[in-house]
Amino acid sequence: MPETAWAPVLIAAGSVIAALAALYLAVLSGRAVGPPELRTETAARGRFTRNALLPLVASGFDRAIFWIFWIVALRILGPERNGEYAFAINLLTYFAALTDFGLGTVLTRDIARRDTDLRPIFGAGLVIRLRLVGLSIPLMVALALIYYATGSVSGATVVTAAVLAAGLVPTAVGQAYASVYGAWERMDRRGLVAAGTSALTVGLGLALLGGGAGVIGLAVAGAVSGLASWLALARPVGFHLLRIRGYGDAQRRALLSSGFPLMLNALLATAFVQLDILILQAMQGTAVVGHYNAAYKFINALNAVPAAVVLAAFPLMARAATDPEILGRWTARTWRVLVSIAVPAGVLLFVHADPLVGTLLGDEFLPFTAEALAILIWFLPFSYLNGTLQYVVISLDRQWWLTPAFLVTTLFNVGANLALVPAFGFHAAAATTIASEVVLLVMLAWVLRRDRVLPRLVGPAIRPALAAAALVLAAWLLRDVPWMLAAVAGLLIYTAVLGLSGGIRMSLRGRRQDA
């Protein structure tokens, strides 16, 4: 897609989308939110359904517009320049985990358990975040400069990393407010804000790409959207929480103590999933990183699902930590929803990886992006399950146990990548990602071996597995049919089998007693 020919269209379309998204966020920010009033089982189940389904719908919109955006953006950028942006974003993920410091989860858990004044705990957490941001920005730029000095990345990549690093400031404040929404079981509102923020990012990104800003323009779009997201989250709760003076060192020390293992776990989790980008960059170059990252965009779209479902269940898990029966019930309900989505996604993207990539991204991304996708997609079911179990561990106040689990997994991942990537390239990186999730699952199973949670996870997977078998058969029978028709037909067959077996009803409503 020539940039000059499409520039006026991109600028006009992007400007309109950005303006509408900004207006939407402004209207949404005018509606106040508050903590839940009813704490009965029936009310909790209703909020869980709302907080899982509405963010899923919002995330579906979010992923859809991002996919349209990236189809356009990748055709403009190509593998090489996409690799530049992918490297800068990869750096950002590590420092985002550092600046959050696990405080989003800690504050959500603690506020959900107690109806107390938000200001002391919010203010103490915000002070920690902002101090970490002040440390992270120069470190992130310095790391990008080290790669630049060795000739591994371009100057544009360094500038992109610097812009993204500056965006950590509004992101940190927005995350502080987001934890309040989680504790108040208002993930539906948070999902709506995220959808508007995504639309703003897409609009600004299209306009800046049309104007020739390239990967630096994408970074600017992300930073501006982060500021808009913070404002949209903060106004309904109140800007008064930003008055952070007067909160003592004791409260900050308590938050640091609780958050440190979660931060360390998040860094290790980020490392074992994304450290392969840094290794591929050094050993294989920017173009390979661009192909590999393009495949990951399919995975990232599907990763919006557990972010909605698990976070909706987390406050309920936290309250049920002292009751193994209720905790196991919510864990099973959460896993039932996730496995019902992960299984068909794995089959469809494996079978149709090559025509899917060729149709959406263009022949320039074949065959390497399709090959990476066909391998990487099988990491999804393990990732969904591990994401659920991690929050069970946190609900039980055992977050310190996650640290050795992630450490072992990260060491395995780094060792396997360093040993195999020089010989097998991105194929080894993709396979190592799957193997790392399996290692983490074994570690989490060991941590929860005495809590009667794991046996409950077998039953919810049976119906999706049977429906997936029907999907595999349909894919084989329809192998000569155009891939889009075959994919739609297969998905309909999967849904019908899952529905006839009762799996859809159980995923949406749960049961009084979960198997």
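Can you tell me how the range 144-221 classifies by the Cα gyration tensor, rounded, prolate or oblate, using a/c under 1.5 as the rounded cut? Taking the square roots of the gyration eigenvalues as a ≥ b ≥ c, the range 144-221 is oblate. Under 17 Å from a label point set 7 Å out along the Cα-to-Cβ vector of Ala419, the amide N atoms of the range 432-458 belong to 432-440.
Scanning the chain for trypsin sites (Lys or Arg not before Pro) in DSSP loops with at most 15 neighbouring Cβ atoms within 10 Å leaves 246-397 as the longest stretch between them. Per-peptide packing, taken as the mean over residues of other Cβ atoms within 10 Å, places 160-172, 8-20, 279-291 in the sequence 160-172, 279-291, 8-20 from highest down. Residue-wise HN-Hα couplings along the range 385-400, as the Karplus relation 6.51 cos²θ - 1.76 cosθ + 1.60 with θ = phi - 60° gives them from phi, are 5, 5, x, 5, 5, 4, 6, 5, 4, 5, 4, 8, 6, 10, 4, 5 Hz; Gly and Pro carry x. Given the choices (1) 32, 30, 24; (2) 60, 33, 25; (3) 42, 28, 23, semi-axes √(5λ) of the Cα gyration tensor in Å derived from the coordinates of this structure is entry (1). The stretch between Tyr148 and Ser501, if pulled fully straight at 0.36 nm per residue, gains 121.5 nm over its current Cα-Cα span. Positive-end ranking of Thr410, Pro138, Tyr391 along the dipole of the chain, with charges on Cβ about the Cα centre, is headed by Tyr391.
Measuring nothing but how far apart in sequence close Cα pairs (under 8 Å, 6+ apart) lie, relative to its length, the chain scores a relative contact order of 21 percent.
In this Cβ point-charge picture (+1 for Lys and Arg, -1 for Asp and Glu), the chain has a dipole of about 1880 debye about its Cα centre.
Model label sites at Leu23 and Val458, defined 7 Å from Cα along the beta-carbon direction, differ in position by 5.7 nm.
Taking Rh as the Kirkwood radius computed over C-alpha pairs, what is the Stokes-Einstein D of the range 313-403 at 20 °C in a medium of viscosity 1.002 mPa s, expressed in µm² per second? Write out the running numbers ahead of the final one.
Numbers: Rh = 15.1 Å.
Translational diffusion coefficient: 142 µm²/s.
For the range 218-343, the Cβ-based charge dipole about the Cα centre amounts to some 400 debye (Lys, Arg positive; Asp, Glu negative; other atoms uncharged). In the chain, a dipole from Cβ-located charges (positive for Lys and Arg, negative for Asp and Glu) runs towards its positive end, and of Gly226, Ala332, Ala342 it is Ala332 whose Cα lies farthest in that direction.
Charges were assigned to the Cβ only: +1 to each Lys and Arg, -1 to each Asp and Glu. The resulting dipole of the range 155-304 about its Cα centre is roughly 440 debye. Full extension of the chain between Ala469 and Ala282 yields a length gain of 63.3 nm, computed as 0.36 nm times the residue separation minus the alpha carbon distance. Ordered from largest to smallest accessible area (heavy atoms of protein chains, 1.4 Å probe), the residues Asp451, Asp323 come out as Asp323, Asp451.
The values are calculated or read from the model by the stated rules, or taken from the named source; none is laboratory data. Predicted model, so just to flag it, every value in this text is computed and none were measured. Backbone-built Cβ (ideal geometry, glycine too); neighbour counts: all protein chains shown. Ligands, DNA and RNA are stripped out before the accessible areas are found, and what is left, the full protein with its side chains, is counted by its heavy atoms. Shrake-Rupley method; radii C 1.70, N 1.55, O 1.52, S 1.80 Å.
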